[in-house]
Amino acid sequence: MSASDAELVKAFKEGDPGALDELISRYKGPLYAYLLRLARDRDAADDLLQEVFVKVIKKLGAYGEEDKFSAWLYTVAHHAVMDHFRAGARRREDSLYAADGDARPLADTLASREPSPEDAFASAESAGALEAAFARLSPEQREVFLLRHYSELSFREIADILKVPIGTVLARMSRALAKMRQELGEGMQ
Amino acid sequence: MNCGYKEKVLLYFYGELPERESGAVKSHLGACASCAGDLAVLKGLTARFESFSPEAPRLSARGLADAAREPGFWETALTGLRRAAAAGAFTAAFLLVFQLLGAHKGAQAVWGSDIDSNLDTIEYGIYSLEDDMLYSSSADFEDKYNRLETQKEEIADKTT
């Protein structure tokens with residue numbers, strides 16, 4: 001049975017660097033995906049990933065074993081990304097996927113699509129349109145989806161991270177969905 | 001359009017809706033195109049997120065721990081302030097000792113000695129020379145030259 005996060009933190013505090021390696025490998029992947037999708041800049045995401053772990057190590061003294069490590073980690077990550085946006089770091093208007101050529105013009109996608117709700121995004125083409133619509137959301141709207149998916153935290157825990165009521169988190173997500181459906185076409189209404 | 005189920009659909013999709021409410025949401029999804037559309041977008045986004053697994057940069061626990069030990073901005077600023085305070089205290093102590101030694105020797109400090117007076121004289125001389133060079137004109141030189149010529153002629157007359 002693998003050690004819990006709290007046990008790994010305790011082991012690292014007691015001088016076991018391997019425990020930190022385990023924590024990093026446990027969270028690095030989803031955390032990096034969250035940072036990259038939010039910042040939409042690979043260099044910025046690389047820096048942010050390192051910054052988040054450095055801050056976590058610095059603040060480990062304040063971490064209590066009763067705290068949920070992932071919630072704590074994503075709280076640090078959320079603040080780091082917000083600082084990044086506030087600092088006015090380079091932000092591209094086009095999404096990571098658009099830059100990679102994965103997204104297609106929205107008009108083309110809509111013209112060739114007759115989706116049913118069940119298979120609305122089954123094709124790569126409509127997936128590109130979905131990515132493009134997601135990329136056009138505000139960072140705050142994107143973040144609630146990304147936090148919910150990559151951190152696997154509950155809406156209540158996400159509300160704690162964002163310091164807003166849970167209703168605000170749900171409303172933010174709901175409005176974002178409506179906006180995306182509007183962009184994707186009337187077939188989604 | 002808000003059918004009143006929007007938030008419940010979100011909770012249902014992410015598995016946070018109590019089981020007793022799930023049936024009602026499922027029934028609603030069959031009748032509400034807007035909520036069914038939300039669900040389709042959620043499914044599509046989740047599929048995209050799951051297929052996206054970028055390679056994260058390599059991180060070393062030891063390197064991160066070392067970086068965490070490096071001082072931050074405030075620590076650096078405080079260290080700078082401490083050093084400035086130490087330098088100021090040292091200077092004040094040095095001046096105090098210097099002053100006390102001067103008083104002990106009966107005002108034999110440099111600024112009360114002949115050395116200081118002579119330095120003043122030399123400095124004034126340099127200042128005067130510079131002043132002369134700056135403000136003397138060719139007319140002054142011509143006047144001095146003519147007077148010297150006149151003196152020379154007078155001496156020559158006397159000798160003949």
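The values are calculated or read from the model by the stated rules, or taken from the named source; none is laboratory data. Since the structure is predicted, the reported quantities are computational estimates derived from the model, not experimental observations. With ideal geometry, Cβ positions are generated from the backbone for all residues, glycine too; neighbour counts draw on all protein chains shown.
Considering only residues that are without any contact (Cβ under 8 Å) to a residue 24 or more places away in the chain and more than 10 Å from chain B (Cβ to nearest Cβ), which ones fall in segment A:159-181? Scanning segment A:159-181 gives A:Ala159, A:Lys163, A:Val164, A:Pro165, A:Thr168. Among the candidates A:Phe145, A:Phe69, the residue that is modelled with pLDDT under 95 and among the aromatic types (Phe, Trp, Tyr) is uniquely A:Phe69. For residues that are within 11 Å of chain B (Cβ to nearest Cβ) and of a type in the set (Asp, Glu), scanning just segment A:129-158, find the one that is nearest to A:Lys179 (Cα to Cα). Ranking the qualifying residues of segment A:129-158, first place goes to A:Glu131.
Restricted to segment B:21-63, and to residues there that are of a type in the set (S, T, N, Q) and surrounded by fewer than 15 Cβ atoms within 10 Å (Cβ to Cβ), the residue that is farthest from A:Met173 (Cα to Cα) is B:Ser60. If you go through segment A:46-56 and keep only what is surrounded by 22 or more Cβ atoms within 10 Å (Cβ to Cβ) and facing chain B (nearest Cβ under 9 Å), you end up with A:Leu49, A:Phe53, A:Val54, A:Val56. Scanning segment B:26-68 for residues that are closer than 20 Å to A:Lys58 by Cα and either in contact with a Pro (Cβ under 8 Å, 6 or more places away or on another chain) or in contact (Cβ under 8 Å) with a residue 24 or more places away in the chain (or both) yields B:Ala61, B:Arg62, B:Ala65. Is it the case that segment B:6-14 has a residue that's more than 55 Å from the chain's Cα centre (by Cα), surrounded by 16 or more Cβ atoms within 10 Å (Cβ to Cβ) and facing chain A (nearest Cβ under 9 Å)? Looking for residues that are more than 55 Å from the chain's Cα centre (by Cα), surrounded by 16 or more Cβ atoms within 10 Å (Cβ to Cβ) and facing chain A (nearest Cβ under 9 Å), one finds none in segment B:6-14, hence no. For segment B:36-55, a tally of residues being of a type in the set (Val, Ile, Thr) and either part of a loop (DSSP other than H, G, I, E, B) or over 14 Å from A:Pro30 (Cβ atoms) (or both) returns 1.
The set of residues in segment A:1-45 being more than 9 Å from chain B (Cβ to nearest Cβ) and among the aromatic types (Phe, Trp, Tyr) consists of A:Tyr27, A:Tyr34. Of B:Arg62, B:Arg58, B:Arg82, all but one fail to be under 30 Å from A:Lys13 (Cα atoms), at pLDDT 65 or above and assigned to a loop (DSSP other than H, G, I, E, B); the exception is B:Arg58.
Residues that are within 12 Å of the chain's Cα centre (by Cα) and assigned to a helix (DSSP H, G or I) within segment A:16-48 comprise A:Gly29, A:Pro30, A:Leu31, A:Tyr32, A:Ala33, A:Tyr34, A:Leu35, A:Leu36, A:Arg37, A:Leu38, A:Ala39, A:Ala45, listed in sequence order.
So that you can scan it fast, the table gives a plain yes or no per residue for (1) at pLDDT below 95; (2) under 21 Å from A:Lys28 (Cα atoms); (3) touching a strand residue (DSSP E or B) at 6+ places or on another chain (Cβ under 7 Å):
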{"position": "A:Phe121", "(1), (2), (3)": "yes, no, no"}
{"position": "A:Ser126", "(1), (2), (3)": "yes, no, no"}
{"position": "A:Ala129", "(1), (2), (3)": "yes, no, no"}
{"position": "A:Glu152", "(1), (2), (3)": "yes, yes, no"}
{"position": "A:Ile158", "(1), (2), (3)": "no, yes, no"}
{"position": "A:Gly185", "(1), (2), (3)": "yes, no, no"}
